[in-house]
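Working notes for the structure below.
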Amino acid sequence: MSPLAFRLSLLAIVVVVAFGAVLDVMEVDAAQYAAMSADLLRQDNWLTFYHRGEDYLDKPPLLFWLSALSFKVFGVHNWSYKLPSILFAFLGLFSTYRFTRMFHGVDVARRAVLMLGSSAAFLLMTNDIRCDTILTGSVITAIWAGAAWLVERRWWQLVVLAAAVASGMLVKGPMGAVAPVLALGGHVALTRQWSVLRDPRWLVVLPLVALALVPMCIGLYEQFGMHGLRFYFWEQSFGRITGENRWKDDSSVLYFTHEVVWQLLPWTLFVLLGVWSALKAIIRGQRLPEYISISGAMLVLIALSLSQFKLPHYLYVIVPLFAVLGACAWSDAPPRWLRYAHVGVVVLLIMAAFWLDRWAFPGDDRWWAIGLVFLPAAVALFHVVRRSRVPLFQASFVGMIGVGLVMNAGIYPSILAYQANAQAGKWAAARELTPGRFISVGVGGTALDHYAGGTVPYMHDASGLEGPPSPGAVIYTDEQGRSSVQNRGYQPVRVVELVNYPVQLLGLEFLDPRQRERTLQKRFLLEF
């Protein structure tokens, strides 16, 4: 791939991400973090955190700090909340390139970056912003800096390593250190470079990381005492393995095996081949250019699988390492049947995007995006017949970029219109309703608070109303709440009806326009 083609491909990723940056934040997590960041901007103490007026002890503060700072500089917008995390995502692309180039050469490095940047996981992590986006960029940067130090032993590499580990720990806890340690430690063990442990220079990383964590630790101690520190350093992460953490579910240890399949689309087959080839080489005692990618990917995957609470986005942290393995597999002359299967995957994704755009959420003004999707599909099939691997990669990449454009420019805006809490919050903010004039009864959510511009007072039912709502007051509620309000004799002068669907839990019934109506919940704005 030429330098010009690589730069144009990076620009295409930027365009796709830019379309996603302006989309509404999704409930539950992203909207909560955005609301908390806006609240943080309004308070004097940035070391203590609250959610809806209650003490907050869950996620570390870096996402809130950076998004609040972005709000302060650019104002409160969807894109300004997402901007710091998106910058970390692109830092992850840069670090993936530098790491891969160090061991595998420029061509493989470019391919790894484009695999990562066009993957389903990258599309989601730069749209639905949670803590894991910053974690992913931090971890791969720490891995690159640590690997560079193992090879070159320069002081700046240790400083970058410390900064990356600290940012990872400040956004997601000990996983920010555990993931790089597992990746680099596996490499040291398999290459038997034990002398690195006797080099005292690496010890400078520990005080630098500790120094960066001091402000957060002060805030935790002031707000929660020793329990806050123990929660952060142990219970939040390791407690999910021991069972001490309150978050538990019934997922099996194989939960992430199927998550890998869709998050790495459209490159899944080559990633799986890369994992198998690396493991086979280790078993046979063959020497690899580096063991960091395979040890980091597999050891972190095992650690995540042992957790008693799992969510799909936990896997983002090792997606860059999987991209490196997939890029290596592509360069190793894979069999023809695998290339045909890969094209089948790309074509299925394109067909799915076409189905969503033309049937599930039709929009007559989006034919330009459909054109971007189908042209590379035809090119991909043509080059498979010609048995040319490099053009196939480029065509596959452009096809996935087309899918990303269709999703971020067309499908997601249509889906997010069903997020009633966000629509109600925007409605209230446009009318400059103060908390005393805007309340929720029986329903609510983090997007409601974020878009309304502050915490919306909530009550379980209309019995909490002390009397008739004052003129100009608005109640946000559902069908049951509307009935309870009207049964008390309070008749609104105007009713605005909204529809709601939990957009993070997309199902086939919702995507089918013939059955969508039965999946929707009615919400109401009762204006008095």
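Some points to look at:
Residue-wise test of (1) touching a strand residue (DSSP E or B) at 6+ places or on another chain (Cβ under 7 Å); (2) at pLDDT 85 or above; (3) of a type in the set (Phe, Trp, Tyr).
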| residue | (1), (2), (3) |
| --- | --- |
| Val443 | yes, yes, no |
| Ala452 | yes, yes, no |
| Gly467 | no, no, no |
| Asp478 | yes, yes, no |
| Ser483 | no, yes, no |
| Lys522 | yes, yes, no |
| Glu527 | yes, yes, no |
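- Flag for Arg7 being modelled with pLDDT of 85 or more and surrounded by fewer than 23 Cβ atoms within 10 Å (Cβ to Cβ): yes
- Residue among Leu321, Leu301, Leu279 that is within 19 Å of the chain's Cα centre (by Cα) and more than 16 Å from Ala142 (Cα to Cα): Leu301
- Where helices (runs of 4 or more DSSP H) sit wholly within segment 253-351, those with at least 3 residues that are closer than 30 Å to Gln193 by Cβ and in contact (Cβ under 8 Å) with a residue 40 or more places away in the chain occupy 268-283, 292-305, 319-331.
- Inter-residue pairs, beta-carbon under 8 Å, first in the same structural domain as Ile439 (by TED's automatic domain parsing) and within 19 Å of Asn421 (Cβ to Cβ) and in segment 479-497, second part of a strand (DSSP E or B) and charged (D, E, K, R), 6+ apart: Glu479/Lys522; Val495/Glu527; Val496/Glu527; Glu497/Lys522; Glu497/Arg523
- Search result, residues across segment 355-376 that are buried (at least 19 other Cβ atoms within 10 Å of the Cβ) and either modelled with pLDDT of 65 or more or of a type in the set (Phe, Trp, Tyr) (or both): Leu356, Asp357, Phe361
- Residues of segment 39-50 classified as surrounded by fewer than 21 Cβ atoms within 10 Å (Cβ to Cβ) and either within 25 Å of Tyr458 (Cα to Cα) or charged (D, E, K, R) (or both), total: 6
- Number of the condition not met by Asp249 [criteria: (1) touching a Phe, Trp or Tyr at 6+ places or on another chain (Cβ under 7 Å); (2) outside any loop (DSSP other than H, G, I, E, B); (3) at pLDDT below 90]: (2)
- Flag if Ser80 is within 18 Å of Ser167 (Cβ to Cβ) and in contact with a Phe, Trp or Tyr (Cβ under 7 Å, 6 or more places away or on another chain): no
- Scanning segment 207-219 for residues that are surrounded by 12 or more Cβ atoms within 10 Å (Cβ to Cβ) and either free of Cβ contacts under 8 Å to residues at least 60 places away in the same chain or polar (S, T, N, Q) (or both) turns up Leu208, Val209, Ala210, Ala212, Leu213, Cys217.
The values are calculated or read from the model by the stated rules, or taken from the named source; none is laboratory data. What you are looking at is a predicted structure, and each value in this text was computed from that prediction instead of being measured. All Cβ positions, even for glycine, are placed from backbone atoms using ideal geometry, and neighbour counts span all protein chains on display.
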